[in-house]
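Some notes on the structure that comes next.
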Amino acid sequence: MITVYGIPNCDTVKKARAWLAAQGLGHEFHDFKKLGVPADRLRVWEQAVGWQKLLNRQGTTWRKLDLAVQAGATDAAGALAVMQAHASVIKRPVVEWPNGQISVGFDAVAWAAQA
């Protein structure tokens, strides 16, 4: 089963879920706002794609964080702590594919090869 992690009102998550539905691919959705960020999965994602790819420094949430909090995200441990505390700084969606692969963000071409 495909598992999509993110925030339901995120435009990229909406596009990703619509793409999956259009391809006839069922998926589970894990809402960070309602269910939080699963710490065990966050570590797996970091190991698969790297904390730099997971941490969204372009978004509004990042820009609104206190500079001391931002400064703490200079290595994997610090970045994971920030992501755990502020789910909206995780680049979305994070997708766990049935083959064990992890992807971050939405890329229809790459996803077509994955599915």
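Readers should treat all values here as calculations from the given coordinates under stated rules, not as data from a laboratory. Bear in mind that the values here come from a model prediction, so they are computed numbers and not experimental data. Reconstructed Cβ throughout: ideal geometry from the backbone, glycine too, with neighbour counts over all protein chains shown.
Computed quantities for the displayed model
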item: Residue that is nearest to VAL37 (Cα to Cα) [pool: residues in the range 1-17 that are in a loop (DSSP other than H, G, I, E, B) and in contact with a helix residue (DSSP H, G or I) (Cβ under 9 Å, 6 or more places away or on another chain)]; result: ILE7
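Residue-wise test of (1) surrounded by fewer than 16 Cβ atoms within 10 Å (Cβ to Cβ); (2) within 20 Å of LYS34 (Cα to Cα); (3) in contact with a Ser or Thr (Cβ under 9 Å, 6 or more places away or on another chain).
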{"residue": "ALA68", "(1), (2), (3)": "yes, no, no"}
{"residue": "GLY78", "(1), (2), (3)": "no, no, no"}
{"residue": "ALA81", "(1), (2), (3)": "yes, yes, no"}
{"residue": "ALA85", "(1), (2), (3)": "yes, yes, no"}
{"residue": "LYS91", "(1), (2), (3)": "no, yes, yes"}
{"residue": "VAL95", "(1), (2), (3)": "no, yes, yes"}
{"residue": "SER103", "(1), (2), (3)": "no, no, no"}
{"residue": "PHE106", "(1), (2), (3)": "no, no, yes"}
